[in-house]
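Trainee: Below you'll find the structure I mean.
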Amino acid sequence: MKKEHRDSDLYEILHFTPEATPEIEDCISDAYAQIRKGSVKMHKNKTKQKHSRKYLYLGLAAAFLLAFGFWGFSNPVLAGKIPFIGRIFRLVEKDIGYSGNYSENAVPLATPEAENPQSDATGSGGGNSGSKTSDSGLAGTKDNAYSQTAGGVTITLSEASYSELALYFSVEIYCEDGFPEDFNMVKNTEGYILSYDLLMMNSSQQFDFSQADPALYPTDVLSCSIEEGLSTPYSIEGNYVDSHTFLGVIQVELDSIRQMLNVSSLPPDFTYSLTILNLWHRLNKTASITETTTADGTPVTIHEPERKVYEGPWSFTIPVSMDQTTTQTKELMQTNDDGIGIATVIRTPYEMKAEPILPDSADPADYIVVITDADGQILESQGQNAEIYSVYGRNTGTVHIYVMDYYTFMDECKAENAALLPEKALFQTTVKW
């Protein structure tokens, strides 16, 4: 029976680099010497014959593995045919900054096609598609609604997973010429503390709510761009499979969109469009040096690192349909004598957020809402918004919620000082789900 590897096994196999011991090197040399002779001499002694075969196979295996050691496969086309599409969430969801069990509720977008199909179909969604089959990590993938090629870089949206607070898209990025080694900070940067790498991007996005009740939403289409001063996705978190292939997740934060529209929630069905204008990352080279001074006259030297930029655009349009039954909402409307409190608490399969109540004269920037799990440990922020917290791997059946003075929290109550939260909080409450 053919052995089926788990996704985690497959990932480990692709990243395995054997130690080049003298024994293995001897076996490799011996194997190549016998190959060059054109044949392996048969030994009369059966024991010796078995040993000869054993060392030949070991040498060939070692040669094979060593050839695929640094940065994965030496042949990027072969590496690209490993079936990552449809499995990316499972491969990277535990190792990114906004971890979550996205694979449990994943909606497939791109799917692997038959091996090496030939087609001249033109991509959709506004990307720089052309009319050629892309040699991307998706074997035989042509430019289409979920796979776009520009400037030798193919971006493929593999899966989607939705909550009322964010959209998550798994993505494969294939660079024909290979990414610079500086991009792979997990592998090549001494002292790097994260378990994942980042690809930065400039993007624009659009939400089409025309399917929803027009009486509930003030606009059919909401467009967001940096030029308009509206936040858009700016990074992709994940890991490199090899020098040509990056697997990651894009998070699209929805809470700010809801606040912009001044609605309690977004409709369950809408159309989302994302245009990635370019991808970039810093290199370990200095692009410019600026000499300046601080306000008190202290001289400062600023070294601006060089960037490697890949120009797009890559454009995708995705019909979103989310299951709102997975979201739990508790209406609290509790305040203290100073008018500080919590209005509602929202918990999705991936995140939790508590809406504060503040006096009319208060500046929201002076306050922060902190949530701890049942063990009193502060939940980690989930992506862009520091007050949206991740529930991944934590006991959140009971949570403790604190409204804090921002500077008090930052100076006295972070991390190992979480035990001081009940004493320092302006308001606190406990929620059981």
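Trainee: What is the set of long-range amide H partners of Glu351 at a cut-off below 5 Å, with H atoms built 1.01 Å from backbone N?
Mentor: Counting only residues 5 or more places away or on other chains, the set is Val391.
Trainee: Could you please state, rounded to a whole Å, how far the C-alpha centre of the range 243-265 is from the C-alpha centre of the range 314-333?
Mentor: That distance is 11 Å.
Trainee: So what is the relative contact order for the range 199-315, in percent, with contacts set as C-alpha pairs under 8 Å and at least six apart?
Mentor: In percent, rounded to a whole number, it is 28.
Trainee: For Ala212, enumerate residues with amide H under 5 Å from its amide H, sequence gap 5+ or separate chain, H modeled in the peptide plane.
Mentor: Excluding prolines and chain starts, which carry no amide H, there are no hits.
Trainee: Same structure, new question: Using a 1.4 Å probe on the protein heavy atoms only, what accessible surface does Glu355 show? Give it in Å² to the nearest 10.
Mentor: Rounded to the nearest 10, that gives 40 Å².
Trainee: Hey, can you grab everything whose amide H is under 5 Å from the amide H of Asp242? Only 5+ residues off in sequence or another chain; H modelled, so Pro and N-termini drop out.
Mentor: Result for Asp242 returns nothing.
Trainee: Still on this structure, please answer the following. Checking the table Lys308/Lys414; Lys308/Lys353; Lys353/Lys424 against a 27 Å threshold on Cα-Cα, which pairs fail?
Mentor: In this structure, Lys308/Lys414; Lys308/Lys353 exceed 27 Å between Cα atoms.
Trainee: Convert each backbone phi in the range 171-188 into a coupling constant with the Karplus relation 6.51 cos²θ - 1.76 cosθ + 1.60 (shift: θ = phi - 60°), then list the ³J(HN,Hα) values in order as whole Hz, x for Gly and Pro.
Mentor: Couplings: 9, 10, 10, 10, 10, 4, 8, x, 7, x, 4, 4, 5, 7, 6, 4, 8, 10 Hz.
Trainee: Quick one: Karplus J couplings for the range 324-330, per residue in order, coefficients 6.51, -1.76, 1.60, θ = phi - 60°, nearest Hz, x for Gly and Pro?
Mentor: Ordered by residue, 3J(HN,Hα) equals 6, 6, 7, 9, 10, 10, 10 Hz.
Trainee: First compute the accessible area of the range 170-217 with a 1.4 Å probe, then give the percent of it belonging to carbon and sulfur atoms.
Mentor: 47 percent
Trainee: How much of the accessible area of the range 263-419, in percent, comes from carbon and sulfur atoms when a 1.4 Å probe is used?
Mentor: So the carbon and sulfur contribution to the accessible surface is 47 percent.
Trainee: Still on this structure, please answer the following. Using each residue's phi in the range 235-250, evaluate 6.51 cos²θ - 1.76 cosθ + 1.60 at θ = phi - 60° and report the 3J(HN,Hα) Karplus result to the nearest Hz, with x for Gly and Pro.
Mentor: Result, ordered by residue: 8, 10, 9, x, 9, 8, 7, 7, 5, 9, 10, 10, 10, x, 10, 9 Hz.
The values are calculated or read from the model by the stated rules, or taken from the named source; none is laboratory data. These numbers come from a predicted model, not from an experiment. With ligands, DNA and RNA removed, areas are computed over all heavy atoms of the protein, side chains included. Shrake-Rupley method; radii C 1.70, N 1.55, O 1.52, S 1.80 Å.
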